[in-house]
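J.: This is the structure I want to talk about, given as structure tokens.
The values are calculated or read from the model by the stated rules, or taken from the named source; none is laboratory data. Because the structure is a prediction, the values reported are computed rather than measured. A quick note on method: Cβ atoms are made from the backbone with ideal geometry, for glycine too, and the neighbour counts reach across all protein chains shown. Ligands, DNA and RNA are excluded from the accessible area calculation, which covers all protein heavy atoms including side chains. Shrake-Rupley method; radii C 1.70, N 1.55, O 1.52, S 1.80 Å.
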Amino acid sequence: MTPYLPYLLAIIAVLLLGWLAWRRPDRRRLVWRLLASAAAGISLVLLLFPPSYQRALDPGTAILLTEGYEPDSLSALLQRLEPSPLVYTYQTQAPKAAALPDLYTFRQQQPEVQMVHVLGHGLSEQELLALQNTTVIPHLSGMPAGITSITWPDVVVLGEAVAVAGQYNLHSAEETTLYLQAAGQAQDSVIFKEAGQQPFQLRYTPKQQGRYTCNLISKSGNNMDTLGQVPVQVYPASKPAVLLVSSFPLFEFKFLKNHLGQLQHKVALRSTVSKGMYQSEWLNMPQTDLSRITPRLLQQFDVVIIEPQALQELRSAERSALQQAVTVDGLGVLTVAGEQLGNRTTAFFTNFQSKRLSQQDIRNARANWINGEPAAIPVSPYTLVSSEAVTGLIEEQSNNLLAASRRSGWGTVALSVVPQTFSWQLEGKQTTYASYWAHLLSSVAKREVREKFWQVAKPQMPQVQQPLTLKQTDYTLTEASAIPAATVRSTTDSTHTGIALQQGVHQPEVYEGTFWPHRTGWHVVESPGVEPFYFLVQDSAAWLHQSVQAKREATTQFASQQQRSSGTAGTTAYATEEVPVIWFFVLFVLSGSFLWLEEKL
């Protein structure tokens, strides 16, 4: 049946009856009855023989809708593509689209498809393997509301704060609160009131060493959602051995020596009494000769704290030994300066850009550092200037620095313009004093060199039933050797699962293996001669942004590596589609109802 014939007959009948009704008002009721009868007859015929039409299709092009697609983007794309492509959905739903159980089945059933437009958040690396030799064109949606990026330290030292920082994407101006929950209660929070990307930072200081999990929770109105867990491993605080060197007895160094001694640090103090004569003290370590700074002496310490005049008075050989200990052995040197910041002979240790803020010898500043509360302290008239090579350790107002460090070879050199901190002890601020020096020493001290260690390569947050890449680094490797054996187990289970490691081609000291977690919770990877490494596996619903970001990156990278083709240009298929019969049914019911009512009236 010709698809336009029923519509043509209906239009002719309506026009004819309308003309009769206009010409003969006395017979208008009869005309309306005839019009209703004609409509009922035509709709009945169309119900029995539904009209159809031919729709042009491009068999070489398809649109694949993934989770997070936007209907407006689909409509705009369909208007641009002629002839119309095939539309499919994968792990989502959409009207007038065929659902795909998996992409391998799609490739088998539609081998002629050469170009796929991907809408939504995209596909994972594993899913994209099914679209090899197919041109993928991404039309990806933006990141959903919520966390878009986040970071935190995997390991902290007891007494240090766990800093959770990131970006939160707020689509509307509805007030949203982000909580960091630990030990059953909220430890820190931040409130967002404006739409857009909002930076945040939350802190929590564990009270004991061990492995902990914190929850990140968002609350908007009456809705509360746990976004994911923040795993933290707390290790005991290190106690670096400290050598104090001054050009004359200083209260600052004496108070610091006693404080570190009470904390069981190994401490030695050398103060110049007169030229060539020194006063030496030792705590928690055997007495050694401190009259000369030698490489052998420096091997016993992790940090040397010195003041500029003592640094200048060192013999040339002593300064050379100190410099070599920094660059080669990783020693940390902290220079505590008053008004004198150093000269050319001490430039290796004191060459930091500075500026003078006061004409007085002493000025007051408010010192601020990580894990500590801001505190007032007298400082020198100088401040240090931040740069790319300089790391700020102690800050003050206007982003000026009171203490800063820079890497030099394997070690660290640092400079402080805070000459006296013992006033905090005299004022009873023991916690402030302890926090200040713990932060400085941990930032400057010689770092422990790990020659063999494990780490999670990807993803950032391991999830159950998702592939996890573990990486072992072995810097002791000198020649080709057998690939090490490794096993993974849950801390709640004694079952060990072996993982196959593969040696890196460009980095032979690195071995990588893939592990598929089957349960949530803490896991540990073990191999001979390497310290066990613990990591947390979370539920697949946690950290939505991680899977979305991974799919976006994988789809974009896959598309960039494909050689784009023009599909099957010039080939057009036609699909026969019927006009929805619901309209004809409605017309039949209305016409029949009119005839029934007209008969009764």
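J.: I'm checking my understanding of the structure. Among residues of segment 370-394 that are open to solvent by 30 Å² or more (accessible area, probe 1.4 Å) and among the hydroxyl-bearing types (S, T, Y), which one is modelled with the highest pLDDT?
T.: If we take residues in segment 370-394 being open to solvent by 30 Å² or more (accessible area, probe 1.4 Å) and among the hydroxyl-bearing types (S, T, Y), then T391 is modelled with the highest pLDDT.
J.: Follow-up question, since we're still on this one. Inside segment 459-475, can you point out the residues that are farther than 24 Å from Q507 by Cβ and in a loop (DSSP other than H, G, I, E, B)?
T.: M461, V464, Q465, Q466 - these are the residues of segment 459-475 that are farther than 24 Å from Q507 by Cβ and in a loop (DSSP other than H, G, I, E, B).
J.: Additional query: Output the residue which, of all residues in segment 216-247 that are in contact with a helix residue (DSSP H, G or I) (Cβ under 8 Å, 6 or more places away or on another chain) and outside any strand (DSSP E or B), is surrounded by the most Cβ atoms within 10 Å (Cβ to Cβ).
T.: Out of the qualifying residues, it is P240.
J.: Is it the case, given these coordinates, that E194 is buried (at least 19 other Cβ atoms within 10 Å of the Cβ) and either in contact (Cβ under 8 Å) with a residue 24 or more places away in the chain or over 25 Å from S547 (Cβ atoms) (or both)?
T.: Considered against the rule, which asks whether it is buried (at least 19 other Cβ atoms within 10 Å of the Cβ) and either in contact (Cβ under 8 Å) with a residue 24 or more places away in the chain or over 25 Å from S547 (Cβ atoms) (or both), E194 comes out as no.
J.: Further question on the same structure: Does segment 149-170 include one or more residues that are under 30 Å from D102 (Cα atoms) and either of a type outside the set (S, T, Y) or in contact (Cβ under 8 Å) with a residue 40 or more places away in the chain (or both)?
T.: Within segment 149-170, one or more residues are under 30 Å from D102 (Cα atoms) and either of a type outside the set (S, T, Y) or in contact (Cβ under 8 Å) with a residue 40 or more places away in the chain (or both).
J.: Which condition breaks for T495 when tested against (1) free of Cβ contacts under 8 Å to residues at least 60 places away in the same chain; (2) surrounded by 12 or more Cβ atoms within 10 Å (Cβ to Cβ); (3) out of contact with any Pro (no Cβ under 8 Å at 6 or more places or on another chain); (4) assigned to a loop (DSSP other than H, G, I, E, B)?
T.: So T495 meets the others, but not (2).
J.: If the requirement is being touching a residue at least 12 places away in the same chain (Cβ under 8 Å) and open to solvent by 20 Å² or more (accessible area, probe 1.4 Å), which of these qualifies: A482, A434?
T.: A434
J.: Does L263 meet the test of being within 39 Å of the chain's Cα centre (by Cα), modelled with pLDDT of 90 or more and more than 30 Å from L544 (Cβ to Cβ)?
T.: Spelling it out, L263 is indeed within 39 Å of the chain's Cα centre (by Cα), modelled with pLDDT of 90 or more and more than 30 Å from L544 (Cβ to Cβ).
J.: Is at least one residue of segment 46-58 modelled with pLDDT of 70 or more and under 19 Å from A98 (Cα atoms)?
T.: No, segment 46-58 contains no residue that is modelled with pLDDT of 70 or more and under 19 Å from A98 (Cα atoms).
J.: Shifting gears a bit: Where the second residue is at pLDDT below 70 and in a loop (DSSP other than H, G, I, E, B) and the first is among the β-branched types (V, I, T) and lies in segment 43-64, which pairs have Cβ atoms under 6 Å and are six or more apart or on separate chains?
T.: Pairs that qualify, where the first residue is among the β-branched types (V, I, T) and the partner is at pLDDT below 70 and in a loop (DSSP other than H, G, I, E, B), are T61/G567.
J.: Please count how many residues of segment 322-362 are open to solvent by 30 Å² or more (accessible area, probe 1.4 Å), farther than 23 Å from E448 by Cβ and either in contact (Cβ under 8 Å) with a residue 40 or more places away in the chain or touching a Pro at 6+ places or on another chain (Cβ under 9 Å) (or both).
T.: 12
J.: How many residues does segment 146-169 hold that are at pLDDT below 85 and among the small types (G, A, S)?
T.: Of the residues in that region, 2 qualify.
J.: May I pose another question? Could you look through segment 123-145, keep only residues that are under 19 Å from the mean Cα position of the chain (by Cα) and among the hydroxyl-bearing types (S, T, Y), and pick out the one that is nearest to H171 (Cα to Cα)?
T.: S141
J.: Can you name the helices (runs of 4 or more DSSP H) wholly within segment 60-171 that have at least 2 residues being within 30 Å of Q233 (Cα to Cα)?
T.: The helices (runs of 4 or more DSSP H) meeting that bar number zero.
J.: Then there is this: How many of the residues making up segment 271-306 are modelled with pLDDT of 90 or more, open to solvent by 20 Å² or more (accessible area, probe 1.4 Å) and not small (G, A, S)?
T.: Total meeting the criteria: 18.
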